[in-house]
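Visitor: Handing you a structure now.
The values are calculated or read from the model by the stated rules, or taken from the named source; none is laboratory data. Owing to the predicted nature of the structure, the values given are computational and were not obtained by experimental measurement. Ideal geometry is used to build each Cβ from the backbone, glycine not excepted, and the neighbour counts take in all protein chains shown.
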Amino acid sequence: MPAFVALLRAVNLGSHNKVGMADLREMAEGCGLANARTLLQSGNLVFECDRRKSAELETILERALARDLGVDTPVIVRSAAEWRAVIAANPFRAEAKADPGHLLVMALKAAPPAAGVADLVRAISGRERVKAHGRELYLVYPDGVGRSRFSGAIIDRKIGVAGTARNWNTALKLLALLEPQT
């Protein structure tokens with residue numbers, strides 16, 4: 001069966017959108033998704049499912065999260081092949097090797113408009129860098145995300161597309177979870 005990764009946006013940040021990973025796995029299984037596994041506590045779900053498209057799976061998971069867990073948040077789904085392509089398309093290879101904790105990949109619901117990406121680049125006031133590729137943004141925060149003024153709110157406002165980011169270490173761990181199922 002094909003493998004997929006689902007990334008939940010903004011869960012388990014303080015008291016906001018609390019989702020237990022055991023509850024998430026149980027909910028996924030209840031949706032007919034097989035071999036559900038989670039990584040960390042930040043809403044990373046890997047599962048197997050036959051004959052489904054990513055957008056359909058996003059809708060199924062978003063509805064189930066709201067219905068079963070009381071959480072209303074976007075979910076971004078990529079197939080194993082799509083996630084391998086995300087890793088391969090990384091334009092910041094040196095940063096991925098030298099400082100993977102400060103490199104993020106933001107999976108988006110749709111490809112951002114070129115004008116939005118241009119506005120986003122102009123909004124950078126520090127040393128951060130961003131590149132868009134398909135439905136992903138690759139972001140480098142050399143001084144750390146926590147200290148940056150280049151926030152998720154600015155990204156959302158400039159590109160107008162919902163997304164969620166994971167650091168490069170997490171992105172690679174998700175790839176490793178996907179690989180045995182492909």
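Visitor: Of all residues in the stretch 134-178, count the ones that are in contact (Cβ under 8 Å) with a residue 24 or more places away in the chain and among the small types (Gly, Ala, Ser).
Guide: So the count comes out to 7.
Visitor: Related question: When you scan the stretch 94-104, do you find a residue that is within 29 Å of Ala3 (Cβ to Cβ), buried (at least 17 other Cβ atoms within 10 Å of the Cβ) and either in the same structural domain as Asn17 (by TED's automatic domain parsing) or among the charged types (D, E, K, R) (or both), even just one?
Guide: For the stretch 94-104, residues within 29 Å of Ala3 (Cβ to Cβ), buried (at least 17 other Cβ atoms within 10 Å of the Cβ) and either in the same structural domain as Asn17 (by TED's automatic domain parsing) or among the charged types (D, E, K, R) (or both): present.
So that you can scan it fast, the table gives a plain yes or no per residue for (1) in contact with a helix residue (DSSP H, G or I) (Cβ under 7 Å, 6 or more places away or on another chain); (2) under 30 Å from Gly30 (Cβ atoms):
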position: Arg84; (1), (2): yes, yes
position: Ala88; (1), (2): no, no
position: Gly101; (1), (2): yes, no
position: Ala110; (1), (2): no, yes
position: Tyr141; (1), (2): yes, no
position: Asp156; (1), (2): no, no
position: Asn167; (1), (2): yes, yes
position: Leu175; (1), (2): yes, yes
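Visitor: Which one is surrounded by the most Cβ atoms within 10 Å (Cβ to Cβ), of the residues in the stretch 21-42 that are free of Cβ contacts under 8 Å to residues at least 60 places away in the same chain and part of a loop (DSSP other than H, G, I, E, B)?
Guide: Here the residue is Leu33.
Visitor: How many residues are within 15 Å of Ser148 (Cα to Cα) and assigned to a loop (DSSP other than H, G, I, E, B) when one looks only at the stretch 96-136?
Guide: Number satisfying all stated conditions: 6.
Visitor: Does Asp119 qualify as being charged (D, E, K, R), touching a Lys or Arg at 6+ places or on another chain (Cβ under 9 Å) and surrounded by 14 or more Cβ atoms within 10 Å (Cβ to Cβ)?
Guide: Yes; evaluated as a whole, the condition is true for this residue.
Visitor: Quick one: in the stretch 133-154, which of the residues that are surrounded by 18 or more Cβ atoms within 10 Å (Cβ to Cβ) and under 14 Å from the mean Cα position of the chain (by Cα) is nearest to Gly101 (Cα to Cα)? Walk me through how you get there before you give the answer.
Guide: First, pick out the residues of the stretch 133-154 that are surrounded by 18 or more Cβ atoms within 10 Å (Cβ to Cβ): 135-141, 148, 150.
Checking the rest, the ones that are also under 14 Å from the mean Cα position of the chain (by Cα) come to 135-139.
Values: Arg135: 21, Glu136: 17, Leu137: 16, Tyr138: 13, Leu139: 11 Å.
Only one residue tops the list, namely Leu139.
Visitor: Further question: Output the residues belonging to the stretch 54-93 that are outside any helix (DSSP H, G or I), in the same structural domain as Val19 (by TED's automatic domain parsing) and loosely packed, with under 14 Cβ neighbours inside 10 Å.
Guide: Gly70, Asp72, listed by residue number.
Visitor: Quick check: anything in the stretch 1-20 assigned to a helix (DSSP H, G or I), basic (Lys, Arg) and at pLDDT below 95?
Guide: no
Visitor: Take the residues in the stretch 137-182 that are assigned to a loop (DSSP other than H, G, I, E, B) and under 18 Å from Leu45 (Cβ atoms), then tell me which one is modelled with the highest pLDDT.
Guide: Restricting to residues being assigned to a loop (DSSP other than H, G, I, E, B) and under 18 Å from Leu45 (Cβ atoms), the top hit is Ala162.
Visitor: Out of (1) within 28 Å of Arg52 (Cβ to Cβ); (2) of a type in the set (Val, Ile, Thr); (3) at pLDDT below 95, what's the single condition that is false for Val77?
Guide: Going through (1) within 28 Å of Arg52 (Cβ to Cβ); (2) of a type in the set (Val, Ile, Thr); (3) at pLDDT below 95 one by one, Val77 breaks only (3).
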